[in-house]
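This report refers to the structure that appears directly beneath it.
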Amino acid sequence: MKKNTKLITISYLVLGLGALTMIMPFIWMVSTSFKALSEVFVFPPTLFGEKLLWQNYLRVFERFPFGLFFLNSLKISLVVILGQLFTSSMAGFAFSRLKFPWRDSLFALYLGTLIVPYHVTLIPTFILMRTFGWIDTHYSLIVPSMVSAFGTFLMRQFFLTIPQDLVEAAKIDGCTPFGVYYRIFMPLSKPAIATLGVFIFMGSWNDFIRPLIFINSIPKMTVPLGLAFMQGMYSTDWAVLMAGTVISVLPVLIAFFLAQEYFVQGVTLSGMKG
Amino acid sequence: MERFRRIIYCDNFWALVFLLPNLLGFLLFILIPILASFGLSFTQWDLLGDISWVGLGNYTELLSDKIFIQVFWNTLYYSVGTVPLGIAIALLLAIALNQKIRGVKFYRGAYFLPVVSSTVAVAVVWQWIYNPEFGLLNYVLSLLGIDGPSWLTSTVWAMPAIIITSIWKGLGYNMLLFLAGLQGIPKTYYEAAEIDGANWFNKFWKITLPLLSPTTFFVVIMSVISSFQVFDIIYVMTEGGPGRSTSVLVHYLYQNAFQYFRMGYASAIAYILFFLVFILTLIQLKRQKNWVIYY
C-alpha cells in the first residue's frame, strides 16, 4: 500500500484522542486518591493537589481489611486456575486422544452448555451451596469453578493439533496414556496453558456476582466485592474510595504490563465463547 | 500380569481416569443446574417453605408484570445503546491502528487498560467522573459551554451514563477482534484497487467492509449476547435506579432470587434470558452464510 500521509495523520489523531479518553479516568482516579478531601470538592477540578497525600491509602487499610481481600482473591484465583487447568487438560486429552463409548455425544453436550448464560446456573448453584453448608465460605467460590466446559473445549482443540505420530512413538516405548499426557502433551501445550490460565485468572479475579451472592462476612470478601462494599459505606469520601480502587486495580495492571501478550490472547479467548 | 497390562492399555479405563474429575464437576455444577433451573421455573419456592408446582404460572405472570416489561425494555435500550456505537468506534480505531503507525503496542495497551480492570473498579471510578458538581465529565462539558446533567441520579441520563461507561470498557476488546480481521484481508486486493484508481473511500466501502463482514457479524452477535447479560456495572453504579430506570434482566433476576426469595420466578427470568441468547446464537450459526461475504 502506498503511504498516505493525510490518512496517517488522521489515524494518529483518532488514536491519540481515543488513548487519552482511555487513560484519563485512570489519571483522574490516581490524582483524586492523593488529594485532601478539601481539594477533592473544588470546582474547577485540579489535576493534582498541593502535595501528595498518602493518608487516603492508610485510611483504606485502617477501615477495611484490604490486605485480607487480596489474600482471599489470590487464594481463590490460584486454586481455581490450577484446578481448572488440571480438569480441562485431563478431559481435553480424553476427548482428543482416547476412544470410548459416547465420546462425541458427551463432547457435544459440553459444547451445548457453552451457549447457556452463566446466570442460568446461579440459583441452583446457590441452593447446592446452601445444602453443602458452603455459604459464606470460599468453597462456594472455588469448587463450582473447578470445571469449565469452555476450558475443556479449548484444551481439546489444542491437543488435536499435536501429531498422532508422537503418541504412537511413545506407546511403542511403553508409555501409558498418562505418560503421554504428562510427558508429551502438557509440555507441548505451555502457550495454550498460559493463555487459558490468564483467561481463568481474569474471570476469577474480577468475578462479582458470585461473591455477592455467596459471601456475607467482611473477612471472607474478595477484592471486587470488598470494593463494592466500601463504595456502599463511603459513597461520598471520593479520595478514600479512589485510593481503594487504585489498590484494587494495581496488581492486575502490573500483571498486564508484565505479560501483555498473554493477556491480550487470554482476553480474546472469550470471543470464542458462546 | 498380562491382565494388568491389558487394563493399562485399555482406552476405556484411561478415559474414565482422565474424565472423572471433570465429568463430576460438569454434571454437578453445569448440567444439573441448567436442568434444575428449568424445572424450578415451573415452581414457586422461597427456599424455606415447600415447593409448589405452578406450571406456566411464572411465565404468564412475567408477561403481565409491569416491572419485568420495563426491565426488558431497559435491557434492549442498553443493548441498542452500547452495541452499534461501541462497534463503530472500535472499527474506526482498528482501521487507524492498522495503518503504518508507530507505537502500536502502546495504543493497544492503553485501549486494553479498561478491559483488564474489574468492572467494579471501573464503575466506582466512573461514578466519581459522573459526579454532577465536582466530576470530571461535567467539568469538560462546562469548558464546551454545556451545563452537564446530574448523570446517575437522573432517570433520563442514568442509562446513557452506564452506556458510555460500558462502551469505554469494551472498546479495546472489540478493537482487537477487528484488528485481527483487518490483518486477515490480503494486501493484494488493495494493490489491485489502487491500480484501478480507487480512492480511500472506495477501498473501504468495496473491499474492507465486505471482507470484514465475518468479523463484524461475529462481534455484533457476541456484543448483543453479552449486553443482555449486563449486571455488575449497573449494580455498582445505580443499583437499577433511580426508580427502575436502569434495572435490567439480570438485575431483576438477582432481586427476585436473592432479595425477594422468589426462586421459581427468578428461574423463569433466567430461562427467558437463555431463550433470547439461544435465538441469537442460532442466528449466528444459521444465517452467517447468507449475510456474510467470504473470500
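No value in this document is a laboratory result; all are computed from the given coordinates. Fair warning: this is a prediction, and the values are worked out from it, not measured in the lab. Every residue, glycine as well, gets a Cβ built from its backbone with ideal geometry; the counts of neighbours run over all protein chains shown.
Things to note:
- Site pair residue B:134 and residue B:189 shows an inter-label distance of 5.3 nm when each label is modelled 7 Å from Cα along Cα→Cβ.
- Estimated FRET transfer efficiency (residue A:50, residue B:155; beta-carbon r; R0 45 Å; 0.05): 0.70
- Protection proxy ranking, peptides A:63-72, A:147-156, average beta carbon neighbours within 10 Å, highest first: A:147-156, A:63-72
- Dipole moment magnitude, nearest 20 debye, the stretch A:1-151 about Cα centre, only Lys, Arg, Asp, Glu C-beta charged: 540 debye
- For the stretch A:57-66, backbone phi angles converted through the Karplus equation (6.51, -1.76, 1.60; θ = phi - 60°) give residue-by-residue couplings of 5, 4, 5, 4, 6, 5, 8, 10, x, 5 Hz, Gly and Pro being listed as x.
- Cα→Cβ-extended label distance, 7 Å offset, between residue A:173 and residue A:109, nm: 3.6 nm
- C-alpha center-to-center spacing [the stretch B:161-185, the stretch A:55-131] in angstrom: 26 Å
- Residues residue A:24 and residue B:209, FRET efficiency given R0 of 41 Å [Cβ-Cβ distance, rounded to 0.05]: 0.85
- Beyond 30 Å in Cα-Cα separation lie the following of the pairs A:6/B:206; A:171/B:286; B:105/B:286; A:6/B:187: A:171/B:286; B:105/B:286.
- Peptide A:175-181, shielding by other chains (average Cβ, 10 Å cutoff): 3
- Burial ranking of peptide ranges B:154-163, A:255-264, A:121-130, A:168-177 (average Cβ count within 10 Å, highest at the top): A:121-130, B:154-163, A:255-264, A:168-177
- Per residue of B:92-101, other chain Cβ atoms within 10 Å of the residue Cβ number 5 on average.
- Partner chain coverage, peptide B:61-72 - average Cβ within 10 angstrom: 0
- Residue order, fewest to most surrounding Cβ atoms within 10 angstrom, among A:223, B:54: B:54, A:223
- Other residues lying with their Cβ under 14 Å from the Cβ of residue A:57 contribute a combined charge of +1, Lys and Arg counting +1, Asp and Glu -1.
- Label-to-label distance, nm, for residues given as residue B:202 and residue B:144 (7 Å Cα→Cβ offset): 3.6 nm
- Environment charge of residue B:158, counting only residues whose C-beta is closer than 14 Å and scoring Lys/Arg +1, Asp/Glu -1: 0
- Three-way shape call for chain A based on the alpha-carbon gyration tensor, with the a/c threshold at 1.5: oblate
- Most mobile of B:70, B:255, B:99 in a GNM of chain B (Cα contacts under 10 Å): B:99
- For peptides B:83-94, A:36-47, sequence by mean Cβ density within 10 Å, most packed first: B:83-94, A:36-47
- Chain B shape via C-alpha gyration tensor axes, a/c threshold 1.5: oblate
- Taking the Cα centre of the stretch B:62-291 as reference, the dipole from Cβ charges on Lys and Arg (+1) and Asp and Glu (-1) amounts to some 620 debye.
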